[in-house]
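Engineer: Here's a structure for you.
Where a number appears in this text, it was derived from the coordinates with a stated rule and is not lab data. Nothing here was measured: the structure is a model prediction, and the numbers come from that model. Ideal geometry is used to build each Cβ from the backbone, glycine not excepted, and the neighbour counts take in all protein chains shown.
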Amino acid sequence: MAEVSREIGLHPSTTFHLLRTLTTLGYLVQDGTTRQYHLGSKVFHLAASAWTEVQLVKVATPLLAEMARETGETSHLAVLERGEAIVINKIDGSSPVRLTERVGYPRPAHCTAIGKVLLAHLPEAELKVFLKATDLRPLTPKTITAASILEQELERVRKQGYAFDDEEFAQGIRCLAAPVRNFTGQVVAAIGVSGPVWRVSLDRVAELTEVVKTMGHRLSQHLGHADHPKTTEDRHTRP
């Protein structure tokens, strides 16, 4: 309390009443042993509620534009809603041949790179419900339709930090995507690029993967995420 009083320049008695009020309301927590104050859960609730999809789109747009310029491919940002990937923003690439993607149109999560990123970071219980209730219908000959194989694919996505759609959603189209995390480390969106197979060649996948992962890290940092390695335990420990 004395340290806070000195830092903000208020009388100790005034500081005491302010700290007590903030603690009562849940914005601060006082350690019973050291008597030090720490941020309480209410602060994190406020921060989480402040990041609406509209604000997420606003923050992400410059990075999507940069990624489209750098790769020449269509860049997009998606969230998970009712088991489907919803693209909430996209920027067309510079190539004369462009993909027709409608913002807001739902895409199956099991066969898109953005969807696989979002599914891979669901809590374990939610993922089990998805796998049990969802019809993993084939859209191309490469679509994963077995729940056990999809589970293995999602485990690989968690470990490598990105997802790859190799003509699984649409023939002739490849996509790469990476997770976007908020300040708590929770994956709240997926960022990715899509293009025809003759431009997104297998020889180019490694290059595009690094671009997508970098943009995912940068957008996460804009959302307050401290950039540190994530493990396969994320889905079990996330809030």
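Engineer: Arrange 13, 5, 201, 75 by Cβ neighbour counts within 10 Å, fewest through most, would you?
Structural biologist: By the 10 Å Cβ count, ascending, the order reads 13, 201, 5, 75.
Engineer: Let me have the 222 nm mean residue ellipticity of the chain computed from DSSP H runs of 4+ only, each contributing -39500 (n - 2.57), with the sum over all residues rounded to the nearest 500.
Structural biologist: The helix-only estimate for the chain comes to -13000 deg cm²/dmol at 222 nm.
Engineer: Place a point 7 Å from the Cα of residue 30 along the Cα-to-Cβ direction; which residues of the stretch 1-23 have their backbone N under 15 Å from it?
Structural biologist: Residues 1-5, 12-23 fall inside that zone.
Engineer: Here's a follow-up. To the nearest 10 degrees, how steep is helix 205-222 against the longest Cα principal axis of the chain, on a 0 to 90 scale?
Structural biologist: Once rounded, one gets 20 degrees.
Engineer: Taking amide H positions as placed in the peptide plane 1.01 Å from N, state which residues far from residue 189 in sequence (5 or more) or on other chains have amide H under 5 Å from it.
Structural biologist: 180
Engineer: In addition: Gain in length, residue 39 to residue 159, computed as 0.36 nm per residue apart minus the alpha-carbon separation, to one decimal in nm? Present the calculation step by step, with values, prior to reporting the outcome.
Structural biologist: Details: separation 120, 0.36 × 120 = 43.20 nm, distance 3.15 nm.
So the extension gain works out to 40.1 nm.
Engineer: Can you pull the one-decimal nm distance between simple spin-label points at residue 199 and residue 183, each 7 Å off the Cα toward Cβ?
Structural biologist: Label at residue 199, label at residue 183, 3.8 nm between them.
Engineer: Next question, about the same structure. At a 10 angstrom cut-off on C-beta neighbours, averaged per residue, how do the peptides 61-74, 109-122, 186-199 rank from highest to lowest?
Structural biologist: 109-122, 186-199, 61-74
Engineer: From zero up to wherever the largest Cα-Cα distance of the stretch 107-219 sits, split into 5 Å bins and tell me the percent of pairs in each.
Structural biologist: Per 5 Å bin, starting at 0, the Cα pair percentages come out as 2, 13, 23, 24, 20, 12, 5, 1.
Engineer: Measure nothing fancy, just the Cα-based angle from helix 53-71's long axis to the longest principal axis of the chain, in degrees from 0 to 90, nearest 10.
Structural biologist: 50 degrees
Engineer: I need to check one value: relative contact order of the stretch 1-155, counting alpha carbon pairs closer than 8 Å and at least 6 residues apart, in percent.
Structural biologist: After rounding, I find 11 percent.
Engineer: While we're on this one: With the dipole of the stretch 109-239 worked out from charges on the C-beta (+1 for Lys and Arg, -1 for Asp and Glu) around the Cα centre, which of 148, 200, 226 lies farthest toward the positive end?
Structural biologist: After comparing all options, I get 226.
Engineer: With no solvent and one equal point scatterer placed on each C-alpha of the chain, evaluate the Debye formula and give log10 I(q)/I(0) for q = 0.08, 0.13, 0.14, 0.17 Å⁻¹, two decimals.
Structural biologist: Once normalised to I(0) and log-transformed, intensities are -0.37, -0.78, -0.87, -1.18.
Engineer: Going by how many other beta carbons lie within 10 Å of each one, how would you line up 144, 86, fewest first?
Structural biologist: Details: 144 18, 86 21.
The most exposed by this proxy come first: 144, 86.
Engineer: State, to one decimal in nm, how far the label point of residue 210 lies from the label point of residue 142, with both points 7 Å from Cα in the Cβ direction.
Structural biologist: Taking the simple label geometry, residue 210 and residue 142 are separated by 2.3 nm.
Engineer: Quick one: angle between helix 41-50 and the longest Cα principal axis of the chain, in degrees between 0 and 90, rounded to 10, please.
Structural biologist: Helix 41-50 sits roughly 40 degrees off the main axis of the chain.
Engineer: If you don't mind, there's one more thing I want to ask. What percent does the relative contact order of the stretch 86-200 come to when contacts are Cα pairs within less than 8 Å and at least six residues apart?
Structural biologist: Relative contact order for the stretch 86-200 comes out at 24 percent.
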